[in-house]
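Every number here is computed from the coordinates shown, using simple stated rules; none is lab data. Since the model is a prediction, treat every value here as computed from it, not as a measurement. All Cβ positions, even for glycine, are placed from backbone atoms using ideal geometry, and neighbour counts span all protein chains on display.
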Amino acid sequence: MLEFDAATTKLLDTAYQGSDFAKRRRASFDVVDPLPGDRILDLGCGPGLLTLELARAVGPKGLVFGLDPSPDMRATAAKRCEDEPVVQIIDGSAQDIPFEDESLDKAVAVQVFEYFDNLEQPLKELRRVLRPGGRVVISDMHFGTWVWHSADSDRMERMMKIWDLHLADREVPEKLPALLKDHGFQNACTIPLTLFDAVLRPDGMARMLMILMSGYAQKNGQLPDAEIAAWLSEQESLAAEGRFFMAITHFITYAERI
Ligand SMILES: C[S@@+](CC[C@H](N)C(=O)[O-])C[C@H]1O[C@@H](n2cnc3c(N)ncnc32)[C@H](O)[C@@H]1O
């Protein structure tokens, strides 16, 4: 599993401000539909980019809680939100959300559920802490939709398979509608958002993944260094030749607490 330590936090904090991740954050924000005075949980808030945007939208009468088990992520989120009195950054986990029953209007989790072995306990917790009529928004990639061009498709497949090990569940979006229904939510809807890079931009998702994936494969001793270097080098060459292509679909699922 990927460790959300200081190095990963720094990398994500920069990449998440890039245009690819800004798109999915904006789409998730719109589905949360924050209103003045709302009490909103940003579950797995990471570096707190969405937390801050939600805080501005709920205004002085609202409250936004950023919950994350990673001390490095919490430190970054707390610094980012330090001038927003309506934000509280809290240590905790989706398995045991430290809030009273029915105390929140909305809850959002962006790319967090894919790290859970068991999707059910977090859904039980979200239902418990949301008020009746409250909204849950769960926003995750589906790694079955991932397309990445390479002239060496076997090597690309090996790199992608190793990256599967960084998460617990690569198929969260397809499981959520039925799970939400089973856990006391109704009117579930899913919105697809394809993230696509044809250019290897410094602030893009593909660049971030190349750094994360090569580091992860090296650290876990999964592939020889020479093969990882060749994979990286091919992508740089494809980009230089205008033949770079990577796409993945992110799904935003939302539902109402019964
Ligand atoms: C890929 S990051 C996404 C961060 C943030 N939601 C965003 O989109 O900017 C995943 C986050 O989930 C957090 N996380 C991992 N396990 C968690 C758990 N059991 N409960 C809550 N958050 C968790 C990690 O610490 C990390 O900050």
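A few remarks follow.
- √(5λ) per eigenvalue of the Cα gyration tensor, the chain, largest first, Å: 33, 19, 17
- The trypsin sites (Lys or Arg not before Pro) of the stretch 61-165 meeting both criteria, a DSSP state outside H, G, I, E and B (loop) and at most 12 other C-beta atoms within 10 angstrom of the site's C-beta, are Lys61.
- The simple Förster model, with R0 at 22 Å and r as the Cβ-Cβ distance, assigns Leu165 and Ala7 a FRET efficiency of 0.75.
- The mean of 1/r over all distinct Cα pairs in the stretch 36-117, once inverted, gives the Kirkwood hydrodynamic radius of 12.5 Å.
- Debye intensity ratio I(q)/I(0), log10, the stretch 1-81, q values 0.26 Å⁻¹ (C-alpha model): -1.28
- Eligible lysines near Lys219 by straight Cα distance, threshold 29 Å, same-chain separation 8 or greater: Lys10, Lys161
- Point-charge dipole on Cβ atoms (K/R +1, D/E -1) for the stretch 1-145, about Cα centre, debye to 20: 480
- Simple Cβ-charge dipole of the stretch 2-75, Lys/Arg +1 and Asp/Glu -1, about Cα centre, in debye nearest 20: 260
- Sorting the Cα pairs of the stretch 183-258 by distance into bins of 10 Å, from 0 upward, gives 16, 33, 24, 16, 10, 1 percent per bin.
- Restricting the stretch 35-108 to GluC sites (Glu not before Pro) in coil, as DSSP defines it, with at most 16 other Cβ within 10 Å: Glu82, Glu100, Glu102
- Exposure proxy ranking for Cys45, Cys81, Cys189, based on other Cβ atoms within 10 angstrom of each Cβ and starting from the fewest, stands as Cys189, Cys81, Cys45.
- Take the Cα of Ala226, step 7 Å toward its Cβ, do the same at Ser103, and the gap between the two points is 5.8 nm.
- The Cα-based radius of gyration and maximum Cα-Cα distance (Dmax) for the stretch 1-138 are 13.8, 40 Å.
- Difference of contour (0.36 nm per residue) and Cα-Cα distance, Trp146 to Glu120: 6.8 nm
- Using the Cα coordinates of the stretch 131-258, the gyration tensor eigenvalues translate into equivalent-ellipsoid semi-axes of 34, 16, 11 Å, sorted from longest to shortest.
- Proximal lysines relative to Lys124, as straight alpha-carbon distance under 27 Å, when same-chain residues fewer than 8 apart are discounted: Lys106, Lys175, Lys181
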